[in-house]
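Single-structure report; data block below.
The values are calculated or read from the model by the stated rules, or taken from the named source; none is laboratory data. Since we're looking at a predicted model, the values are computed, not measured. Backbone-built Cβ (ideal geometry, glycine too); neighbour counts: all protein chains shown. All accessible areas refer to the heavy atoms of the entire protein, side chains included, with ligands and DNA or RNA removed. Shrake-Rupley method; radii C 1.70, N 1.55, O 1.52, S 1.80 Å.
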Amino acid sequence: MSEKKYGWNGWKMPFFNLNDPDYCEYGCPICRSARNGNPFSKFLQNIELKLTSGGCPWGRAREKKYGVSPDKPLDIK
């Protein structure tokens, strides 16, 4: 699995491709830092998960493709 690059360190969201699960995995600044242990990002991500019933469109696409919710790391073997 090769890591995709997104503009402005992930802050430039791919609004025309809402089904891109790799944005949540490699681009999203909130999800990436929350999975890496940042407490403020975890707080923001938990609010988002509760308000949107499963996360943003990219987080839901990630869950559909990889079977893991946006707040959980992938188990790559």
For this session: Report the label-to-label distance for residue 46 and residue 68 in nanometres (one decimal), using points 7 Å from each Cα along the Cα→Cβ vector.
Result: 2.1
Exercise. Which percent of the accessible heavy-atom area of segment 29-74 goes to carbon and sulfur, probe 1.4 angstrom?
Worked result: 59
Exercise. Over the heavy atoms of residue 3, what accessible area does a 1.4 Å probe trace out, to the nearest 10 Å²?
Worked result: 110
Exercise. Over the chain, with a single point scatterer placed on each C-alpha, what log10 of the ratio I(q)/I(0) does the Debye formula yield at q = 0.15, 0.16, 0.18 1/Å?
Worked result: -0.45, -0.52, -0.66
For this session: For segment 21-77, report the accessible area per residue in Å² (1.4 Å probe, heavy atoms, rounded to an integer).
Result: 58
